[in-house]
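Notes follow once the structure below has been shown.
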Amino acid sequence: MAKKIVIASGKGGVGKSTTAAGLGKALAKQGVNTLLIDCDAGLASLDTMLGCREFAAFGWYDVFSGSCAPADAVTKVFDKLSLISAPASTVGTDSKSAVKELVKALDGSFDVIITDSPAGLGTGVFRAAAAADYGLIIATGDEISVRGAAAVDEKLREAGVSGTRLIINRYDLKAAKKGRLISVDEIIDASLVRLIGIIPEDDSLLYRGTKSKKNIAAGSFDRIAHRIMGKNVELKLTLLK
């Protein structure tokens, strides 16, 4: 049975999908057979970030509409990492039960299934969380994002996802020390979500997810992936310098 995780954020622009792509790659590199499901209907981005847009013949809406079987919607990105793409339109895509059935059909084929939720607090969050046991909430070091993290944590709990953890993304330790960003402790206290990892500010993530050779966030993704799989990996703020 796969570990089922939803990635969500209360505010857009915090790097939720780049985090999903980065974690998917990190888990696959560690030998964890991972499936990403892009649940952001209308704004699908994971296929582009992962460089497999031209290979994704079907997506999850094709399964819902009966156009293909669940296995046919799975696009292999590389060894141990696969993707199910989101549709370009939001029409008829709000079925939570359909997501549950899709994940159930693929449960035995993967070690981890990650659903990437749309940003915000709308119905898309509940759709993405329909089959999830755990939640990863993405926030940056600004007050609006942190308030959004607390709000989306409440939404996930309403959806039955009680095991939530916080990822602080795009964090600049120097800016925080100068008071330009909220401190890590303040983010945790304000969001009331337990921290699982911090990803440093890294411009290379703007370009096709985590493909850049200069990607300085890769080590953070690796450490978070280890923690997701139950390994005890120390969190060190000095690694952000």
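Here is how the numbers come out for the structure above:
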{"item": "Helix axis angle, 218-228 relative to the chain longest principal axis, alpha carbon, degrees", "result": "70"}
{"item": "Residues in region 13-56 that a label on Ser65 would reach, taking backbone N under 13 Å of a point 7 Å out along Cα→Cβ", "result": "42"}
{"item": "Per-selection Rg to Rh, region 65-172 - Cα, Kirkwood hydrodynamic radius", "result": "0.98"}
{"item": "Nearest-10 value in Å² for the accessible area of Lys96, using the 1.4 Å probe", "result": "110"}
{"item": "Heavy-atom accessible area ranking, 1.4 Å probe, most first, across Lys76, Lys25", "result": "Lys76, Lys25"}
{"item": "Degrees, to the nearest 10: 16-29 long Cα axis against longest axis of the chain", "result": "80"}
{"item": "Net lengthening on full extension, Ser109/Glu143 (0.36 nm per residue, minus Cα-Cα)", "result": "8.3 nm"}
{"item": "Full-extension gain in nm, Asp189 to Asp79, via 0.36 nm per residue minus C-alpha separation", "result": "35.7 nm"}
{"item": "Pairs from Lys25/Lys231; Lys96/Lys231; Lys4/Lys25 whose Cα-Cα separation, in the structure shown, is over 24 Å", "result": "Lys96/Lys231"}
{"item": "Residue-level accessible surface for Ser65, protein heavy atoms, 1.4 Å, Å²", "result": "70"}
{"item": "Asp79 accessible area, assembled protein chains, probe 1.4 Å, Å²", "result": "100"}
{"item": "Diffusion coefficient, µm² s⁻¹, Stokes-Einstein with Kirkwood Rh over alpha-carbon pairs of the chain at 37 °C and 0.692 mPa s", "result": "186"}
{"item": "Sequence of Arg180, Arg223 when ordered by accessible area, the most exposed leading, probe 1.4 angstrom", "result": "Arg180, Arg223"}
{"item": "Surface per residue (accessible, 1.4 Å probe) for the chain, Å²", "result": "46"}
{"item": "Percent accessible area from carbon and sulfur atoms, the chain, protein chains only, probe 1.4 Å", "result": "51"}
{"item": "DSSP bridge pairs, the chain: antiparallel proportion in percent, nearest 5", "result": "10"}
{"item": "Principal-axis tilt of helix 143-158 within the chain, Cα atoms, nearest 10 degrees", "result": "40"}
{"item": "Gyration tensor verdict on region 1-124 (Cα atoms; rounded if a/c is under 1.5, prolate if a/b is larger than b/c, oblate otherwise)", "result": "rounded"}
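The values are calculated or read from the model by the stated rules, or taken from the named source; none is laboratory data. Given the structure is predicted, the values throughout are model-derived calculations rather than measurements. No Cβ is skipped: glycine too gets one built from the backbone with ideal geometry, and neighbour counts run over all protein chains shown. Note: accessible area is taken over every heavy atom of the protein model, side chains too, but ligands, DNA and RNA are not part of it. Shrake-Rupley method; radii C 1.70, N 1.55, O 1.52, S 1.80 Å.
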